[in-house]
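The values are calculated or read from the model by the stated rules, or taken from the named source; none is laboratory data. All values reported here derive from a predicted model rather than from experimental measurement. Don't worry about glycine lacking a Cβ; one is built from the backbone with ideal geometry, like all the others, and counts go over all protein chains shown. For accessibility, only protein heavy atoms count, side chains too; no ligands or nucleic acids. Shrake-Rupley method; radii C 1.70, N 1.55, O 1.52, S 1.80 Å.
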Amino acid sequence: MTLPSITVDDDTGSSLDLPALEDLAGHVMNTLHVDPTCELGITLVDTERITTLHEDWMNEPGPTDVLSFPIDELIPGTPEQPSGPGVLGDIVICPQVARTDAEEAGRSLDEHVQFLAVHGLLHLLGYDHATEGEYARMFALQDELLDTWRAAR
């Protein structure tokens, strides 16, 4: 069985469960029938770095919790027809910003960063939440993916 190439880097020195992030990303990619040779990068950065990325790439002021940078614009596949091979892209998460959001959501920091990783990965696969329908579909899928991953652990 070929496994996707998932790289998780922590530029912040956090105590987050990085192997869990890698495992979760693999679960999402497998569940959504992404070609097993696809590449994905997840990087944890500080507030200064996420602010710069947010302002430079999104033209939005200040920091954010997660950004996704698609490369080959892949979409989910089916069991019969997985997505094509390629590079999904990069997900950049700021644990410092996520900490506040985690407290508000009643989650641990690890749980919230995992939530953000799935959110970012779905964006890489073409999901969005610009309309009410898209929001409902994307967030329901996020919950389902997190639930099935946690149940399998």
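Over all alpha-carbon pairs of segment 35-96, lay out the pair-distance distribution in 5 Å bins, whole %, shortest bin first.
With a bin width of 5 Å, the distribution comes to 4, 18, 23, 17, 13, 12, 8, 4, 1.
Using a probe of 1.4 angstrom, how much of the accessible area of segment 1-43 is carbon and sulfur, in percent?
46
What is the local net charge at ASP17, summed over the other residues whose Cβ is closer than 12 Å to its Cβ (Lys, Arg +1; Asp, Glu -1)?
Once positives and negatives cancel, what remains is -4.
What is the Cα convex hull volume of segment 1-59 when expressed per residue in Å³?
Considering the Cα atoms of segment 1-59, their hull volume per residue is 94 Å³.
Leaving ligands, DNA and RNA out of it, work out the accessible area of SER68 with a 1.4 Å probe and give it in Å² to the nearest 10.
It works out to around 30 Å².
Nearest 20 debye, what's the magnitude of the dipole of the chain about its Cα centre given +1 on Lys and Arg Cβ and -1 on Asp and Glu Cβ?
340
Using the eigenvalues of the Cα gyration tensor, what equivalent ellipsoid semi-axes result for the chain when each is taken as the square root of five times the eigenvalue, whole Å, largest first?
Values: eigenvalues 107, 58, 53 Å².
Largest first, the chain gives 23, 17, 16 Å.
Compute the FRET efficiency between ASP72 and GLU132 as 1/(1 + (r/R0)^6), taking r as their Cβ-Cβ distance and R0 = 30 Å, and round to the nearest 0.05.
So the FRET efficiency works out to roughly 0.55.
What accessible area per residue comes out for segment 26-123, rounded to a whole number of Å², with a 1.4 Å probe?
So segment 26-123 comes to 48 Å² accessible per residue, rounded to a whole number.
Provide the net charge surrounding LEU122, with neighbours chosen by a C-beta distance below 12 Å and charges set as Lys +1, Arg +1, Asp -1, Glu -1.
Values: positive: ARG137; negative: ASP128, GLU134, ASP143, GLU144.
Net charge around LEU122: -3.
Local charge sum around ASP72 (other residues, Cβ-Cβ under 15 Å, Lys/Arg +1, Asp/Glu -1)?
On the way: positive: none; negative: ASP35, GLU39, GLU73, ASP90.
My count for the surroundings of ASP72 gives -4.
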